[in-house]
1. Go ahead and run the numbers for FRET between residue 135 and residue 319, Cβ-Cβ distance against an R0 of 22 Å, rounding to 0.05.
2. Under 18 Å Cα-Cα from residue 74, which aspartates and glutamates qualify once same-chain neighbours fewer than 8 residues away are excluded?
3. Can you compute the helix-only [θ] at 222 nm over the chain? Use -39500 (n - 2.57) per DSSP H run of at least 4 residues, normalise by all residues, nearest 500 deg cm²/dmol.
4. For residue 124 and residue 46, what is the calculated FRET efficiency with R₀ set at 22 Å and r taken between the beta-carbons, to the nearest 0.05?
5. State, to one decimal in nm², a quarter of the convex hull surface area for the C-alpha atoms of the chain, i.e. the direction-averaged projected area.
6. So between residue 291 and residue 106, what do we pick up on full extension, going 0.36 nm a residue minus the alpha carbon distance?
7. Where a Cα-Cα gap under 21 Å defines reach, which lysines qualify for residue 135, not counting those fewer than 8 residues away within the same chain?
8. Between region 200-220 and region 154-170, how many Å separate their Cα centres?
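Every number here is computed from the coordinates shown, using simple stated rules; none is lab data. Computed from a prediction, not measured in an experiment: that's the story for all the values here. Backbone-built Cβ (ideal geometry, glycine too); neighbour counts: all protein chains shown.
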Amino acid sequence: MTTAERSKLLTISMIYHEAAVPEYARGREILDRFAGAERIVVPSHWNIPELHGNADLVSEWNTVKRTVLVLGVKKGLQIRPFYRSADFIAPSTANGCAMACSYCYVGRRKGSANPITTFVNIEAVSDAIAKHAAKQGMKLEPTQPDPGLWVYELGTNSDLAVDAMVSDNVRDLVRLFGELPNAKATFATKYVNRDLLGYDPQNRTRLRFSVMPRGVSRLVDVRTSPVQERIAAVNEFVDARYEVNFNFGPVIVYDGWLRDWAALFEEIDDVLSPRAKQQLAAEIIFLIHSEQLHELNMHWHPKAETLLWRPDLQEAKTSQMGAPGLRYRMDLKRGFVRDFRALLAERLPYCTVRYAF
Ligand code: SF4
């Protein structure tokens with residue numbers, strides 16, 4: 001990644017931070033890293049009215065993501081059980097994102113702006129994970145996320161490959177999991193940050209590159225690494241001792257969608273090394289949208305909504321967390337999932353599927 005590419009994604013000129021941030025070594029490191037940025041002390045990282053509550057900022061959605069950083073201290077360190085990509089969800093070390101995928105649910109909860117918030121108490125987060133893993137003992141029965149190790153999801157609220165441009169939190173977590181005898185980390189990403197190649201993950205971090213057909217990605221994956229770059233990076237990350245899987249998704253349905261996925265699978269088959277193919281698995285997630293996100297997107301990226309907003313195919317659903325959303329109608333979706341899985345099994349027979357929904 002060149003300096004120009006980095007600064008296109010992040011050129012921090014404004015930092016909102018809680019007063020306690022400089023008391024933490026990680027906080028001081030980050031403030032030093034962005035020493036030229038203006039600083040504003042705020043009572044809470046979560047409630048910054050001039051940022052999250054400022055409706056005028058929606059039209060500056062991507063500028064805010066590039067130029068603003070929020071620093072805070074993570075209060076709740078609970079570890080929640082999960083069952084899809086991981087056995088547990090670790091406390092997050094960041095939320096928000098410098099990229100701007102138009103289907104991203106992180107933006108749904110943060111009002112009018114969604115820049116990166118980084119938490120500086122990484123030692124407390126690491127301790128909480130280590131203690132939790134120690135209590136689990138060895139994994140005696142396989143689960144969907146992994147046959148032999150307890151898997152902790154690190155990236156539910158941010159993209160860790162970009163978070164790693166802000167601080168060493170990700171490096172610390174990758175190192176932690178390299179030392180735990182019974183656990184591995186996992187996170188999904190749409191960004192190729194080759195700094196991570198130097199982290200020595202010891203096959204205890206499962207990185208999931210999220211991919212979708214190129215033409216669709218160009219429209220909805222705003223500010224991410226191009227899909228072909230993510231696919232081309234897989235072999236390097238496998239050689240650097242990451243487990244590398246794919247997130248196929250969000251799968252978006254339109255005329256010709258399966259034809260485009262077939263082309264993507266062909267590209268993957270051409271590019272991946274035998275070693276990468278041998279360890280490959282995938283998670284498949286069909287698009288979940290929402291009315292609230294649709295309205296937000298219409299202010300800054302209406303073109304993407306021609307693909308995402310399909311009332312003719314979608315129906316209301318409520319997430320496990322109680323949030324309203326829109327999914328493809330179940331009577332149609334069953335067929336979509338079946339067709340997708342059949343195509344994948346035909347084109348990439350070595351790719352196991354962890355789940356599809
Ligand atoms: S990369 Fe992930 S967290 Fe970032 S905007 Fe896209 S979906 Fe959201």
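1. 0.20
2. Hits, sequence-local ones excluded: 18, 23, 29, 123, 127, 153, 159, 163, 168, 172.
3. Details: 14 runs with 132 residues, N = 357.
Helix-only estimate at 222 nm: -10500 deg cm²/dmol.
4. Calculated transfer efficiency: 0.80.
5. Numbers: hull surface 68.4 nm².
For the chain, the mean projected area of the Cα convex hull comes to 17.1 nm².
6. Going from the current span to full extension adds 65.2 nm.
7. Once the sequence-local lysines are set aside, what remains near residue 135 is 184.
8. 14 Å
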